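Notes follow the structure.
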Amino acid sequence: MKKNLLVSLLGLAALVAVPVNAQDGTVKLKGIGHNNRYDDGEQMKSTWIGSLYDENGNYTGKTAFIVDNGIYAMNVRENFVSMPTKEPAVNIDDIRQGMSVDYEKALWATNFNLMYGNSGAAYIDGQLLTVYSRDESSTTDEELFAVRTWDATTGNMLTNQTYPRSATLESAGISVNPADGKVYGLFYLTGQDLPAEITSDPEYFVDQDADMTDGDAGYAICTLDPETMTVTPITPGLYYYNFITFAINSEGRAFALTSGGTNNNALDGNGRMVDIDGNLSGAQLYEFDLTTGLMKTKAVTMKDENGETYTAYEPLLGATGYCSQYRRQAACFAKSEPDMMYWVGYVNSGKGYNDWGSWSSLSDKEWRTNGKYDTCLYTVDINTGMATRVAKIPNRWIFSALWVDGDDPSDGVYQTAITDVTHTAEAPAAVYDLQGRKLSSDQLPNGLYIVNGKKRLVK
């Protein structure tokens, strides 16, 4: 099972890169999408297809239905975002043929109900990884995390496994670092999940509740082994921010956004939120050092209440100028544009002025007009933190993973061609498949192999 997971993540076939920018500047973004709301707060709808029977006419105990979850594509140009459309599309007429139901197609369509990463999702070199966290009150610890992998082109589910709560797979985001080929994430940990050399260092970690559990929960930069789903912290401590995204660009620089609080601040001439001093406020952009796991900072000279100066350390980057709800969202980079991050977030924090003139949470029943669940595509300048609102997204779609079609930094990371694996008198190639069986290297079909101790793709 672990080897199957590795196969699904690394892929068995080479991707064909497609042009990203058309002549009119259009960029095609894809993501794992789901709609926020329907009438009066109703969650996502489903369309019943029928009961499933095997080839012998026996009822399988399964019912097929079409849901809105799935892979979506949208075209992006300056000040324009097209309606997100399901890709590949799901056509009920292809599945339900008269009185019968095509079993394989129905199962494929129904599986999209499971394509949801509320605890992290990522596009990884042609494959998708989703981590779904079940409600602890309605399940056992042994079934807390459902980890699934998918083909990013066909939408086929490749693997489906469960992990216990101790796997600590809840994250604000997961991404591949193309510089070293490792998978990183901003994982939500407690003190008991950290090694002793970290928790014993008061410079980076303080036990806030004397038991190193819930009171010490925070985010840490970690590596993720896609074969075992093992999370390994590399940071000296935990960060207590409302992180909503995590993405790594083609240069190996890692960034995260926070939710940004409320949107009742003053606006500047460009419509961005500013504080009392005129500085941008809202969601903050943070950069992390993937070697140390530490947040990058800069020295700032400050004055205390007595007028004495001292040196403080603030985050290296700044505010975006926009706020967004504290919910997991999606961000990504184009491989060809490492200085600009795409971010699909909310238009506000879910709050606003209600019917009584008070600043409070907006009503679900008025979501069509009050903008509580409106979403938007932003671009973020990673050198300043400032965001630009491209356009609102029709029907308030939100994404748990996002990538630029044909131009993602992870494309090709795990796909090294073998140009010569034939035996030689000096060093005959030792070739094994992923099940550990030794093979002849004279004629190998396309696929992933272990060649002389290293993973290689024959294509």
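Just so it is clear, none of the values below were taken in a lab; they were calculated from the coordinates. Remember, predicted model here, so these are calculated numbers, not experimental data. Every residue, glycine as well, gets a Cβ built from its backbone with ideal geometry; the counts of neighbours run over all protein chains shown.
In terms of packing, defined here as the mean over residues of other Cβ atoms within 10 angstrom, the peptides 227-233, 217-223 line up highest first as 217-223, 227-233.
When you work out D = kT/(6 pi eta Rh) for region 90-242 at 20 °C and 1.002 mPa s, using the Kirkwood radius from C-alpha pairs as Rh and the Stokes-Einstein form, the result is 124 µm²/s.
Once the C-beta distance of N56 and A196 is scaled by a Förster radius of 60 Å, the resulting FRET efficiency is 0.55 to the nearest 0.05. What pairs from K62/K86; K45/K392; K45/K351; K372/K392 go past 20 Å between their alpha carbons? Listed pairs above 20 Å: K62/K86; K45/K392; K45/K351.
Count neighbours as other Cβ atoms within 10 Å of each site's Cβ, and list the GluC sites (Glu not before Pro) in region 286-326 that are DSSP loop with at most 15 such neighbours.
On the way: sites: E287, E305, E308; in loops: E305, E308.
Listed in order of number, the matching sites are E305, E308.
Here region 286-400 is treated with +1 on each Lys and Arg Cβ and -1 on each Asp and Glu Cβ, and its dipole about the Cα centre works out to around 600 debye. The reciprocal of the average 1/r between distinct C-alpha atoms defines the Kirkwood hydrodynamic radius, which for region 65-128 equals 13.8 Å.
Here the peptides 315-323, 190-198 are ranked by packing, the mean other Cβ count within 10 Å, and the order with the highest first is 315-323, 190-198. Taking amide hydrogens as placed 1.01 Å from N in the peptide plane, the amide H of G50 sits under 5 Å from those of A64, each at least 5 positions away in sequence or on another chain.
Can you find, among Y184, S133, N156, the residue farthest towards the positive end of the dipole of region 118-227? Put +1 on the C-beta of Lys and Arg, -1 on that of Asp and Glu. Positive-most Cα among the choices belongs to N156. Rounded to 0.05, the FRET efficiency of the T153 and K296 pair, given R0 = 45 Å and the Cβ-Cβ distance, is 0.80.
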